[in-house]
1. Out of the chymotrypsin sites (Phe, Trp or Tyr not before Pro) in the range 19-85, which ones are loop residues according to DSSP with at most 14 other C-beta atoms within 10 Å?
2. Kindly put Asp222, Asp51 in sequence by how many other C-beta atoms sit within 10 Å of each C-beta, fewest to most.
3. Name the residue farthest towards the positive end of the dipole of the range 145-246 from the options Thr196, Gln180, Ser232, assuming +1 on Cβ of Lys and Arg, -1 on Cβ of Asp and Glu, about the Cα centre.
Amino acid sequence: MSVPYETTAYEPPESPESPEEHLARLLGRALNSFELPDETLRRLDCALAHDGSLHSAHHSAGLHRETYRHTWLLSDGSALTLWELVHNTARGSEPQAEIYVDEEELRAATARLPLPPDAPDFELPVLVRLSPIPAPPHTYVPEGSADHARRLLRRAENQDRPGADTATLLATASAHQITQVFGRPSRAGRAGLLFTLYEHAFLLGDGGEISLWEVEHTATPDGRHMCEVYASEDAARQAMERRAAQLS
């Protein structure tokens, strides 16, 4: 059974959308988007991929109703689905869209529509085809990576640097990339000291990835350069704040 009405408002764009663009387009046309829980919107902030597909349709005497399933893959590996109801409530009227967080709400909203109870209805099997997850942001270079990791850990002067377990993992590194990290202004940047943050990203032998975060700074009593290495960006930035505070 074909869908009889034609409108570009509910058709996917010609070019691929990001998860954020897909959500913005959906919220922009839904009359009740303001009713979505804040928690739902917060979870969708970390979406990696998305898919939207027609789920069911109901047509009779110039009236119509379609439901669409919109699914996002989140960064924690879970999936979140929103249900869109598109309908007209009078012959020849413009279609309207509503959005719901679960199928029970969708069914209740559908039951309220003034559609003949004997009108034909069909449902499509749900086949979610998520758009590809963006490729990792690193461009690795196979150039003595295991040795680079050893030298990096060896020159780190902080006592809480990554330990033996991390060193064992990095012994299998087959490639790496070094990137200077910017952003997130901090007290360290306002203290008149030299702080530089680098991410050392490693590709391991089993295909896994691991990053070390190097802080180079002059927040020392004699102003000499010092190297510290941490297992996370947050830990590295907190160390920068501590060093800057000590000499403020």
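Just so you know, all these numbers are worked out from the coordinates, no wet-lab data involved. Everything quoted here is computed from the prediction, not taken from an experiment. Backbone-built Cβ (ideal geometry, glycine too); neighbour counts: all protein chains shown.
1. Passing both the DSSP loop test and the Cβ count: no residue.
2. Ranking Asp222, Asp51 by Cβ neighbours within 10 Å, fewest first, gives Asp222, Asp51.
3. So the residue we want is Thr196.
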